[in-house]
Structures are given as structure tokens and as C-alpha cells.
1. Could you grab me the full set of residues in the range C:52-61 that are open to solvent by less than 60 Å² (accessible area, probe 1.4 Å), in contact (Cβ under 8 Å) with a residue 24 or more places away in the chain and either more than 18 Å from A:Val170 (Cα to Cα) or more than 8 Å from every other protein chain (Cβ to nearest Cβ) (or both)?
2. For the range B:55-72, name all the residues that are open to solvent by 10 Å² or more (accessible area, probe 1.4 Å), of a type outside the set (S, T, N, Q), in contact (Cβ under 8 Å) with a residue 24 or more places away in the chain and more than 10 Å from chain A (Cβ to nearest Cβ).
3. Of all helices (runs of 4 or more DSSP H) completely enclosed by the range A:322-403, which ones contain at least 3 residues that are of a type in the set (A, V, I, L, M) and touching a Pro at 6+ places or on another chain (Cβ under 7 Å)?
4. With the condition kept exactly as written, say whether any residue in the range B:156-171 is at the interface with chain A (Cβ under 7 Å from one of its Cβ atoms), under 18 Å from B:Ala137 (Cα atoms), in contact (Cβ under 8 Å) with a residue 40 or more places away in the chain and not aromatic (Phe, Trp, Tyr).
5. Considering the range B:267-296 alone, what residues qualify as being among the aliphatic types (A, V, I, L, M) and open to solvent by less than 20 Å² (accessible area, probe 1.4 Å)?
6. List the number of the failed condition for A:Gly86; all other conditions in (1) free of Cβ contacts under 8 Å to residues at least 24 places away in the same chain; (2) not in a helix (DSSP H, G or I) hold.
7. From the set of residues in the range A:346-363 that are under 16 Å from A:Leu15 (Cβ atoms) and open to solvent by 10 Å² or more (accessible area, probe 1.4 Å), which is nearest to the chain's Cα centre (by Cα)?
Amino acid sequence: MEVLSNLFNGFQTALTFQNIYLCFIGCLWGTVVGVLPGIGPLAGITLLIPATFGMDATGAIIMLAGIYYGAMYGGSTTSILMNIPGESASVVTCIDGYQMARKGRGGAALFIAAWGSWVGGTLSIVGLMFLAPFLANVAVKFGPPEMFALLLIAFILLGSLGKGSFFKTVPMILLGLLIGTIGMDPLTGTMRFTHGIKDLYDGIGFIPVAMGAFGIGEILVSTEESLVRFVSKVKMRELLPSREELRASWGPVFRGTGLGFLIGLLPGSAHVLSSFVSYTLEKRLAKRPEEFGTGRVEGVAGPETANNAASESAMIPFLGLGIPTGPAPAVMMIALLIHGVRPGPLFISEQPQVFWGLIASMYIGNVILIILNLPLVGLFVNLLRVPFRILFPVILLICLVGTYSVNSSVVELVILLFFGVLGYIFRKLDFDIAPFILAMIIGPTLEMAFRQSLMRSAGSFSIFFKSPIACTLIALSCLLFIWNIYRAVRPKKASWEKALEEGE
Amino acid sequence: MKTHVRLVSILITLSLVMVTGSFAADYPTKPITLINPQAPGGTLDIQARAFAPLAEKMLGQPVVVINKTGATGMVGGLAGAQAAPDGYTLTVGSVNIPNAIEWEIINGRKPPFTRHDFVCIGTFTMSPTFIIVPPDAPYKTLADFIADAKAKPGQLAFSSGGLYGMSHLPAEIFARAAGIKVRHVPYTGGGPSLTAIVGKQVDFSVNYPANTLPLVRGNKVKPLAVIGAKRLKSAPNIPSTKELGIDAEYYGWVGILAPVKTPKPIVDKLRDVMKKVVEGKAFVDIIEQAGDEVYFLNGEELAKYMDAESVKIAKLYAEMVKETPK
Amino acid sequence: MSKERGGSLIFLAAGIYGLIFSIQLPLGRWNQPGPAVFPLSLSILLCIFGTSWFIQGKGNAEKKETVGLGGFAQKFITPIQIVALTAAFILTFDSLGYLLAAMLYLFVLFLWVSRYRFWTALGLAIAFGAGSWLFFGKVLTTSLPKGFLPL
């Protein structure tokens with residue numbers, strides 16, 4: 001088959017000493033970048049572009065791509081061990097991952113995350129390899145109405161993300177949506193809720209909120225009683241997952257791959273979407289869904305696989321059409337241009353050695369990453385053996401300086417602290433923070449998709465029903481919504497009767 | 001003893017002269033930052049990142065591009081305007097900056113900065129835009145399209161990369177010059193705007209050669225015309241609006257700006273270096289590979305161009321504002 | 001006050017804030033929805049949730065979270081300390097310079113909250129403060145404020 005022979009050539013390109021070395025450097029740097037709060041894959045890639053000038057195009061893009069998915073691997077480490085999401089796709093991993101760490105299963109969680117990421121990444125590349133041009137054309141058909149419909153479902157799924165009932169999660173989502181509107185409205189240029197503070201023009205970033213609510217909030221909660229008790233709790237019994245854990249994670253990993261691959265094709269924050277859709281899917285399918293949130297391995301395996309699969313398939317519109325769908329593929333596009341390679345629909349056919357070399361290096365990169373990450377699991381877990389009394393001030397400082405390093409803004413530090421306190425209060429009141437943050441990230445896209453659709457159709461709502469995809473998705477979301485309310489209401493009818501009468 | 005004093009006084013005088021007059025000779029002594037107010041991967045990014053390493057060779061100090069995005073370029077623009085005027089923080093400017101400023105003024109809001117907070121160093125490119133439609137659209141020429149638009153006023157829609165941005169205004173200028181009424185659907189950035197037209201979410205769009213030509217070659221979009229006075233070297237088969245009788249032209253310039261109080265010797269040196277790099281083969285090759293054309297406009301001429309354009313843009317905005325619901 | 005009631009206050013507050021500020025924004029028309037639509041509807045929903053929970057919270061007698069005023073203070077004093085110290089860091093680190101402020105911040109945390117002895121706290125503070133300064137400032141080339149020291 002032609003694909004396989006091309007792949008073989010690709011491997012010949014990729015397996016040169018220099019390219020493997022570059023891939024390794026990229027993956028290593030990507031992992032570091034992913035683990036560190038604040039610096040994301042984007043900054044990591046841009047920092048290294050000048051270093052690529054002496055290289056040929058293939059080598060350069062191999063290294064930069066390595067950074068990109070290396071960061072995906074690294075982001076889950078801090079989520080699991082410290083409840084601080086390294087980047088937006090890892091928010092969901094915090095929920096069960098951190099609980100697993102507290103129960104002493106942190107090593108296992110890290111292992112499963114790495115393993116799931118590898119499977120998801122590799123299988124996604126296989127899909128990419130065969131289907132890139134075709135899928136790029138399909139992805140493009142997803143316009144504002146379809147996007148809106150999909151996100152509507154996503155938001156309803158978000159409601160079942162939390163430990164509490166649907167009703168308790170909804171106001172958190174609403175709050176997240178509201179906070180997401182802060183900043184300049186991209187469709188009219190009006191400033192919303194900024195009160196003249198220029199740091200807010202672009203809205204409240206993910207990093208200060210996530211690090212605040214998760215990181216600082218968690219530290220504040222832990223320091224409540226006394227500091228001594230935390231030390232004894234962190235005892236990692238084994239680094240490897242147990243048999244049941246491995247067995248339980250097969251299903252989520254494969255489902256996560258499929259889900260992540262498909263969702264990654266969509267523009268925008270696809271890997272965030274894929275991680276929490278996977279989580280809710282696993283929760284639905286589990287025999288004991290109420291255990292989700294207390295450290296179920298499926299809650300780590302599914303999302304981590306999905307977000308890696310999504311980050312690979314997010315390259316498809318870029319490779320197939322030359323249109324980058326996110327900042328990271330965009331920067332890679334520039335790197336290519338600087339090296340004289342022109343991305344575009346003809347990229348695959350005109351520059352096969354770069355394309356296939358890249359594909360081959362993706363496989364290699366995933367292998368390198370899993371080799372890198374497994375021993376690192378031991379390293380990171382040992383890091384946690386450091387007494388909490390030493391650890392937490394350092395974590396606080398890193399949260400502060402990490403946030404500052406993104407935009408050099410003191411306002412963001414204030415936001416960090418504010419959400420730290422808010423996160424703490426929410427924890428005490430038993431509200432889930434994850435849906436709040438996810439709503440904040442995806443909210444603006446939902447709003448924009450809605451308004452763009454209406455702008456296109458001159459105010460007519462029929463645009464949502466003209467498209468078969470949008471129509472089906474909206475119908476699905478209505479069903480889901482009704483079902484959610486039904487399930488929330490039925491078992492606990494007594495205490496929620498009033499809510500039915502007054503609220504909804 | 002006397003000679004000693006004389007020597008010392010000569011040395012002191014010499015060093016004083018050197019210090020005051022050596023601004024330009026010394027500069028740069030530390031790395032230079034180029035703020036790009038646009039997202040990575042965009043038009044500005046490509047040109048800035050192609051420029052940076054070449055400028056580095058000439059200046060002897062690292063030239064680093066950082067992205068400071070937000071609010072259609074306002075965040076980065078503001079940072080650039082308020083930077084220390086020592087020549088170490090420059091801004092990658094584009095026509096978006098005066099556009100954004102005029103928009104604020106027209107809407108009765110005080111802009112966070114104005115173009116008079118900057119001094120212009122020069123431009124990389126001054127490219128016109130293409131009018132593009134989906135490849136299977138029934139229009140063979142621009143005239144067909146205009147006829148269709150006139151038959152269905154207010155029904156055809158176009159995508160842009162952002163409100164009052166460099167892919168929105170040319171479309172508005174064209175629509176008014178051709179006498180058609182069309183609707184505007186803003187997207188966030190050149191990429192999504194192009195995805196929209198490729199995916200047929202809108203009826204037409206307007207975008208720059210660097211992003212558009214690859215799609216044209218791959219038969220994903222069909223160009224109908226160039227909004228400008230002349231045809232482009234890289235697309236000689238595509239007529240310009242002027243030659244088709246439509247009085248519309250718009251050039252999305254991309255260049256470098258510095259804070260207005262930057263000392264003249266430094267500004268002159270930067271202009272000199274920029275001219276050499278931009279007209280040098282290495283830079284031209286990268287830009288032409290991307291499908292664009294290099295066009296270096298000196299800083300002073302750029303300032304005059306901006307002044308002339310701002311009058312036109314203010315008038316355009318006044319009309320647009322009248323049509324927007326409040 | 002029950003947990004739900006506490007939460008309801010936050011939602012109500014956010015809803016009212018959103019209401020006040022989004023009403024000032026343009027609403028637009030059906031074919032061009034303005035920036036006010038989304039925040040306004042969200043704020044209204046939040047207010048509804050907030051009020052209904054607040055009212056409902058009256059009926060449920062939840063177990064009290066705290067054990068008298070003394071217990072209250074003892075439990076929350078550490079978080080309050082941390083928040084106060086972090087606020088102090090944020091306010092001063094621009095003028096003091098990152099290196100100094102970080103070391104000071106860590107030092108006070110180690111000394112008062114972690115209850116280390118003076119010299120241990122100092123040593124740890126210097127080590128981690130300088131380490132972070134080196135890593136973020138030099139390796140990652142972040143621009144950290146210099147304060148009045150020439151560092």
C-alpha cells in the first residue's frame with residue numbers, strides 16, 4: 001500500500017541520528033514545559049524557534065512537534081500529584097488523579113496517564129496517517145451552528161462532571177460562563193466588565209484561575225488543621241498500577257482514543273473538550289459512578305488518552321489544509337515557512353519527505369516520551385515525599401512566579417490570589433471547581449458560535465435546524481438535559497421538591 | 001604634573017563626547033524585544049520571525065519576537081506604546097493599529113493609545129487582499145459576483161479575521177465601492193476566517209496572499225480579484241479591482257514601530273538596518289515563498305501614509321457606525 | 001449557615017454584579033446579538049439560583065461547620081495567614097524586586113507557618129528563592145522585576 005511505503009520512507013528520514021536526537025530534545029523540553037505551571041507548549045515552542053535555524057526543515061519540525069506533545073504528557077504530572085493543572089487539558093485529570101495520589105496510588109495514576117497517552121497518541125497518528133486529507137475537508141464543514149450545538153451538549157455533559165448533583169453543578173457552570181465574558185467582545189469590540197483595567201482586556205486567563213482555584217485553594221484547605229498530618233498520608237505503596245487498575249483502564253483508553261481523535265479535528269479548544277467528554281462518558285458507563293471523584297482510575301485513563309489523541313488529530317487541519325487551528329500548530333507553520341516549506345493543501349503531495357518524516361517522528365516521539373516518563377514517575381513521586389511543610393511554600397511561590405511569567409502582570413497575581421480564596425471557599429462549601437473552570441474556558445466559544453450563527457442567518461433561528469449535524473446535536477442535548485434533571489430529581493425527591501417548584 | 005592634568009582633562013572631555021554622541025554607536029548593547037500584538041502563526045508573525053534572525057546578524061544582539069495578544073491587537077499595541085523609549089522594545093505594527101484607534105475614537109471612547117505614541121521605523125510588506133469565493137461557486141468573474149450580490153441585497157455574507165481588522169476593512173471598502181450590501185460575520189483570526197470560506201460557511205471572504213495563495217493552489221478557494229491598483233506578481237492572472245472599474249484599494253501594511261520618544265540616532269539606525277534586511281535576498285526569499293511581496297516604506301513615508309489613511313478610515317467608520325445597532 | 005446557603009450568596013452576588021454591568025451594554029438586534037445578551041441572561045439565571053437556594057436553605061438544618069468562635073479561629077488561622085502573606089508579596093514584589101521579595105515571602109512562611117527554626121527557615125528561603133529566580137529569570141528568560149537591587 002502506498003501509505004505504508006511512504007511511512008517506511010518517513011521512518012528512514014526520521015531514524016537518522018540527528019533527527020532522533022532532535023526529537024528527544026523536543027520531547028524533553030516539552031515535558032519540562034508541561035510540568036511547569038505557567039509556561040505552556042506555545043511558549044516552549046517559540047523559545048526554541050531561533051535554535052532551529054541551523055537545521056533542515058524536517059529536523060526543525062520534528063523537534064517542535066516533540067515539544068508540543070511532550071507538554072501534553074507533562075501537564076498531567078502536576079495535575080495528579082499536586083492538583084494543579086499544568087494546562088487546560090489536564091484540568092479533568094486533577095479530579096480523580098489527585099485523589100488517587102492522596103490514596104497512595106499516585107505512581108499508578110502517572111503510569112496509567114503515560115500509558116493511555118501513548119496509546120491515544122499512537123493510534124491517533126495512525127488515523128492521521130490514513131485520513132488526513134479527507135478529514136481536513138470534513139472538519140472544515142463544522143461551522144458556527146454545528147459548533148454551538150456540539151458545545152451545548154458538552155455543557156450539559158459538564159453538568160454531570162461534578163461529584164454533586166446536576167443542580168449543584170449548574171450554578172458553577174453559569175458562574176464560569178459569566179467570568180468567561182470578561183474582556184473584549186470579539187464580535188463588537190465592546191469591553192465587558194473590565195473597568196478600564198488593561199490587563200483584563202483579554203479576559204481572565206486560564207492560568208491564574210486554575211492555579212489559584214486548584215493549587216492555592218488546595219493548599220489552603222490542607223493547611224487548615226495542622227501541617228503534620230499531611231506528611232504521613234503521602235505514602236506511595238507501589239509505583240506500578242495493580243492488575244485491576246490496568247484492566248479497568250483498557251476500556252477508557254480505547255474509548256478515549258476514538259473520542260479524542262474525533263473531537264481534536266474541531267477548531268478551538270478541542271483537547272479540553274475531549275478530556276471532559278471522555279470523563280463524563282466513563283462516568284456514565286461505570287458500574288458505580290458515584291465513586292468518580294474519589295480516585296477512580298478510569299477518570300484518569302480516559303481523559304488523558306483523549307487529550308493526547310486530540311492533540312495529534314488537531315494537526316490534521318493544519319497538515320491537510322495549511323490552516324492552523326490553534327496557536328501551537330500555527331507556530332509550527334511559521335517554523336516551516338522560515339525553512340522554506342509551504343504548508344497548504346498541497347503540502348502532503350509536494351513535500352512528502354517532510355510530512356512522512358514528521359509522521360514517523362510522531363511515533364518515535366511517543367515512544368521516547370513513554371520511556372522518559374516512566375522513570376520520571378518515580379522521580380516525581382519521590383518529590384512528593386518531601387514534607388509538606390517545605391513543599392507548600394515553594395508551590396505557592398511557583399504558582400506566583402509561573403503566573404507572572406506569562407504576562408508580567410501584577411493584576412493576574414491578584415486574580416490568582418482571589419481565585420485561590422474563592423476556590424478555597426468553594427471547597428469548603430462542597431462545590432465542584434472543575435466545571436466552573438471548564439465553563440470559563442469554553443464559554444466564550446459557545447457564545448461566539450451562537451452569535452456568529454445568527455449574524456450569518458440575519459437573525460433567523462432556522463440556521464440551526466437547516467444543518468443536519470446541528471439539528472441532531474441540539475436534539476441530543478435536549479434529551480440529555482431532560483434526562484439529567486430526571487435523574488437528579490428522582491432518587492432524592494424529598495429534598496428537591498422545593499427546588500423543582502421554585503428554581504427550575 | 002601639567003601634562004598629567006592635561007591628559008586627564010582630555011580623557012574626560014573625550015569620554016563625555018563619546019558618551020553623549022555614542023548613542024547610536026553603542027546601540028544595541030542588549031537584546032531587543034519585538035512585540036507582536038497578533039496571535040502566533042499569523043501574517044505579522046511570519047514576517048517578524050523571518051526578520052528577527054536576519055536583523056540579529058546585523059545588529060549583533062539577539063532580536064526576540066514575543067506575542068502579546070488580545071483585544072484585536074490592543075493589548076500588544078498598548079504594551080509597545082508604553083514601553084521605555086530606549087530602542088530595546090519595538091512593536092510589530094500593522095494597519096490594525098490605526099484601525100483600532102480610529103474605531104475607538106468614532107465610538108466616542110478614548111483609545112488606550114494613539115498612533116502618535118509611535119514613531120515608524122518602516123514596513124515589511126504592503127499587500128493588497130484577494131476576494132475569494134468557494135471553488136464551486138457559480139461566479140466566473142467579479143462582475144458575476146457583484147450582479148448576484150445586487151440581486152440579493154443583504155443576503156450574502158463574508159468572514160473576516162476580526163472586527164475592524166485588516167481582513168474586515170478591505171471587504172467593507174470593496175462592498176461600498178461596488179454598491180452592494182453584504183453581511184459581516186467576524187471570526188477570531190485569519191485562520192478561522194479562511195476555514196469558514198473553505199467550509200462554505202460564508203459566501204465570500206477577503207484575505208492576504210500569504211494565507212490565500214496556498215489554498216488557491218490547492219483548489220480550496222477561487223480568487224476573483226485583488227483589491228488594489230495593480231495585479232500581484234505572484235498572481236498575474238487575477239485582475240485588480242481598479243482595472244475592473246471598481247474604485248477600491250486597501251493595503252494591509254506590516255512593519256515595525258517604536259515608542260515616539262526613542263532618540264533619533266537609534267531610530268535612524270533601526271531604519272537603516274531594517275531597509276538592508278528587508279531588501280536583502282534572504283528575507284525576500286522567505287516572504288515570496290509565502291506568496292507575499294516585500295515592500296519597504298521608510299518610516300517617515302509610513303507616517304504620512306498613516307495620516308492620509310486615517311482620514312479615509314474615519315469616514316468609513318462613520319458610515320459603518322450609522323449602520324450598526326446600538 | 002448551611003453550605004448551600006453560603007454558596008447561594010456567592011451566586012447571588014455574582015448575578016447582581018453581572019446584572020448591573022451588563023445592562024449598560026448594547027443589546028443589539030436579532031440579526032446581530034450584542035455583547036449584553038449572554039452576560040445578562042447568565043446574571044439573571046444566577047440571581048434565580050441564588051435566591052431560590054437561599055430561601056430553601058432556611059428549611060434545612062445542616063450540621064454546623066465550625067465549633068464555636070475559638071474553634072473557628074484556630075481552624076482558619078493558617079489559611080488566613082497564608083493569604084495575608086501572599087497579598088503582601090504581591091503588593092511589594094514590584095518595588096522590592098523579585099529575588100528579595102521571594103526570599104522574604106518564603107522565609108516568613110517557613111518561619112511562622114511551617115514552624116521551622118530561624119536558621120533552617122532562612123536557609124530554605126534563600127535556597128528556593130534564589131533557585132526559582134535563577135530558573136525562571138535565566139533559563140526561561142522571564143523578566144522579573146528588579147526592585148532597587150541591581151539584580
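1. Across the range C:52-61, the qualifying residue is only C:Gly57.
2. B:Met58, B:Leu59, B:Gly60
3. Where helices (runs of 4 or more DSSP H) fall fully within the range A:322-403 and carry at least 3 residues being of a type in the set (A, V, I, L, M) and touching a Pro at 6+ places or on another chain (Cβ under 7 Å), they are A:327-338.
4. Yes, there is a match, as at least one residue in the range B:156-171 is at the interface with chain A (Cβ under 7 Å from one of its Cβ atoms), under 18 Å from B:Ala137 (Cα atoms), in contact (Cβ under 8 Å) with a residue 40 or more places away in the chain and not aromatic (Phe, Trp, Tyr).
5. Start the filter on the range B:267-296 by keeping residues that are among the aliphatic types (A, V, I, L, M), which leaves B:267, B:270, B:273-274, B:277-278, B:282, B:284, B:286-287, B:290, B:294.
Passing the criteria: B:Val267, B:Leu270, B:Val273, B:Met274, B:Val277, B:Val278, B:Ile287, B:Ala290.
6. All conditions are met except number (1).
7. Only one residue tops the list, namely A:Tyr363.
Okay, residues lined up against (1) in contact with a Lys or Arg (Cβ under 7 Å, 6 or more places away or on another chain); (2) at pLDDT below 85:
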| residue | (1), (2) |
| --- | --- |
| A:Arg237 | no, yes |
| A:Leu240 | no, yes |
| A:Val300 | no, no |
| A:Ala310 | no, no |
| A:Ala314 | no, yes |
| A:Pro317 | no, yes |
| A:Val331 | no, yes |
| A:Pro345 | yes, yes |
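The values are calculated or read from the model by the stated rules, or taken from the named source; none is laboratory data. Bear in mind the structure is a predicted one, so any value in this text is a computation, not a measurement. Virtual Cβ from ideal backbone geometry, glycine too; neighbours counted across all protein chains shown. The protein model used for the area step is the full one, side chains on, heavy atoms only, and it has no ligands, DNA or RNA in it. Shrake-Rupley method; radii C 1.70, N 1.55, O 1.52, S 1.80 Å.
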